[in-house]
1. Are any of the residues in segment 306-327 closer than 20 Å to I234 by Cα and hydroxyl-bearing (S, T, Y)?
2. Among the numbered conditions (1) surrounded by 19 or more Cβ atoms within 10 Å (Cβ to Cβ); (2) of a type outside the set (F, W, Y); (3) not assigned by TED's automatic domain parsing to the domain that holds N367, tell me where E297 comes up short.
3. Do any residues in segment 32-49 that are charged (D, E, K, R) and assigned to a loop (DSSP other than H, G, I, E, B) have Cβ atoms under 8 Å from those of residues that are at pLDDT 95 or above and within 8 Å of the ligand (Cβ to nearest atom), where the two are at least six apart or on different chains, and which pairs are they?
4. Do you know which residues across segment 127-155 are outside any helix (DSSP H, G or I) and either loosely packed, with under 13 Cβ neighbours inside 10 Å or away from the ligand (no atom under 12 Å from the Cβ) (or both)?
5. What pairs come out if I take residues in segment 157-178 that are farther than 15 Å from A19 by Cβ and pair them with residues that are part of a strand (DSSP E or B) whose C-beta lies under 6 Å away, six or more apart or interchain?
6. Restricting attention to segment 11-51, which residues are basic (K, R) and either surrounded by 24 or more Cβ atoms within 10 Å (Cβ to Cβ) or within 15 Å of the ligand (Cβ to nearest atom) (or both)?
7. Checking the conditions here, which among A124, A93 is without any contact (Cβ under 8 Å) to a residue 60 or more places away in the chain, within 15 Å of the ligand (Cβ to nearest atom) and surrounded by 14 or more Cβ atoms within 10 Å (Cβ to Cβ)?
Amino acid sequence: MKNLQNKHILLGVTGGIAAYKGAELIRRLQDSGAEVRVVMTRAATEFITPLTMQALSGFPVSLDLLDTETESVMGHIELARWADLVLVAPASANFLAGLRQGRGDDLLTTLCLAATCPIAVAPAMNQAMWGNVATQENCAGLRRNGVIFFGPDEGLQACGEIGQGRLLDVAHIVEHTCAIFPSNLLTGKTVMITAGPTREAIDPVRYISNHSSGKQGYALAEAAVEAGAKVLLISGPVALAVPDRVTVINVVSADDMYAAVMENITECDIFIGVAAVADFKPVAAAVQKIKKQHDTEPRTMTLTLVENPDIIASVAALPTPPFLVGFAAETENLLTYASEKLNRKGLDLIVANDVADSRIGFNSDNNGTTIISKDKVTPLAVASKRQVSVQIIQVIADLLNTRELSK
Ligand SMILES: Cc1cc2nc3c(=O)[nH]c(=O)nc-3n(C[C@H](O)[C@H](O)[C@H](O)COP(=O)(O)O)c2cc1C
């Protein structure tokens with residue numbers, strides 16, 4: 001995916017152990033279509049050579065503010081004007097302090113002062129430096145001023161300590177960078193997404209549910225918002241933060257989810273059913289907690305289940321259904337079962353999802369999927385649920401576009 005096509009990213013690299021990751025970052029940003037120019041602080045050049053960064057970016061690396069040669073080529077004002085985003089990764093504690101104070105005593109801080117584009121920073125430092133009150137106050141002030149923070153991450157640090165302050169991994173920095181530039185693929189569209197599991201009550205304390213984490217549905221909601229859509233998320237019980245600019249309706253059971261969907265669906269252009277809705281529920285939930293029986297042998301218990309409403313089939317049966325996308329989580333015969341579901345339920349697209357593989361699917365951060373439409377099967381490489389979502393949104397937008405053009 002070329003989410004950064006035609007984008008100019010000015011990569012600032014400061015003096016820290018993680019400076020070497022700047023080299024990988026250049027490559028990954030370029031893979032996403034960006035043109036990257038690099039500015040390094042003097043301290044950064046002690047950790048990685050400007051020659052490496054120049055070879056990878058394909059452009060001379062800018063180092064000094066007061067340099068007659070660079071001033072005649074691309075000085076601080078021109079670099080600031082050129083950039084669509086200034087991304088400082090890794091950002092040292094010293095750089096963050098300088099940026100907070102509005103200092104202009106080197107090229108990087110000066111061009112940040114001159115930049116009118118967004119500024120994003122990916123801090124990387126020892127956990128005590130990150131936790132220091134001065135650093136925290138600087139970061140709070142920068143956030144208030146609109147500086148975007150990517151991380152830092154938590155974990156083992158180069159100094160051997162464990163804690164917060166690690167540079168966010170490069171793939172996530174690129175994902176967050178892409179998110180700064182909305183694609184506008186779904187501008188003007190309203191998208192409803194169902195996500196997570198449902199819980200079917202047995203009694204007031206017990207329920208039947210499944211392993212769905214909601215991560216794929218939430219990632220799709222985020223990707224749809226970034227593509228310019230208005231997003232309504234109907235969510236089963238999950239432990240996830242609702243993405244910015246997404247409206248959420250929280251539900252518990254399949255019946256609740258059905259009601260929330262049917263109440264709001266008429267305003268929607270696209271419906272994406274990602275939720276793992278329970279197919280069955282107990283015929284009636286006991287009003288009181290079911291007590292253990294001690295008198296009869298063998299000790300068994302029988303639950304009678306009844307089918308839940310089929311949400312996606314009900315949406316498909318509407319007089320003017322929205323563009324319909326379903327998910328098929330299967331443990332075997334993935335493509336056959338998914339294609340059958342596509343046809344049986346009258347979907348426009350189905351995303352087939354192999355939940356037998358524990359590295360992907362339920363609860364994992366990654367997914368390996370195949371997108372199936374009436375005339376095309378598109379396997380997607382195993383990738384983060386975010387990356388998979390961006391690709392699914394692209395396919396939906398392409399198909400919608402073709403459909404609207406052929407009207
Ligand atoms: C070996 C070594 C590793 C360092 N690693 C970091 C680091 O990861 N993060 C950080 O904020 N500072 C780190 N520092 C301190 C910075 O290099 C120092 O504050 C420097 O002045 C930063 O300059 P700059 O912000 O202009 O790049 C390190 C210093 C040394 C000697």
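1. Filtering segment 306-327 down to residues closer than 20 Å to I234 by Cα leaves 308-318, 321-327.
The next check asks that each one be hydroxyl-bearing (S, T, Y); those that pass are 314.
Yes - at least one qualifying residue is present in segment 306-327.
2. With respect to (1) surrounded by 19 or more Cβ atoms within 10 Å (Cβ to Cβ); (2) of a type outside the set (F, W, Y); (3) not assigned by TED's automatic domain parsing to the domain that holds N367, E297 is out only on (1).
3. These pairs meet every condition: R42/G15.
4. Step one: of segment 127-155, the residues outside any helix (DSSP H, G or I) are 132, 145-155.
Result: N145, G146, V147, I148, F149, F150, G151, D153, E154, G155.
5. Here the result reads I162/L156; Q164/E154, each pair linking segment 157-178 to a residue that is part of a strand (DSSP E or B).
6. Of segment 11-51, the ones basic (K, R) are 21, 27-28, 37, 42.
Selection gives K21, R42.
7. Details: A124 fails: without any contact (Cβ under 8 Å) to a residue 60 or more places away in the chain.
Exactly one residue qualifies, and that residue is A93.
Per-residue answers, yes or no, for (1) of a type in the set (S, T, N, Q); (2) more than 14 Å from the ligand (Cβ to nearest atom); (3) out of contact with any helix residue (DSSP H, G or I) (no Cβ under 7 Å at 6 or more places or on another chain); (4) part of a strand (DSSP E or B):
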residue: P60; (1), (2), (3), (4): no, yes, no, no
residue: V86; (1), (2), (3), (4): no, yes, no, yes
residue: T109; (1), (2), (3), (4): yes, no, no, no
residue: C112; (1), (2), (3), (4): no, no, no, no
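The values are calculated or read from the model by the stated rules, or taken from the named source; none is laboratory data. From a predicted model like this one, the values you see are computed outputs, not experimental measurements. Backbone-built Cβ (ideal geometry, glycine too); neighbour counts: all protein chains shown.
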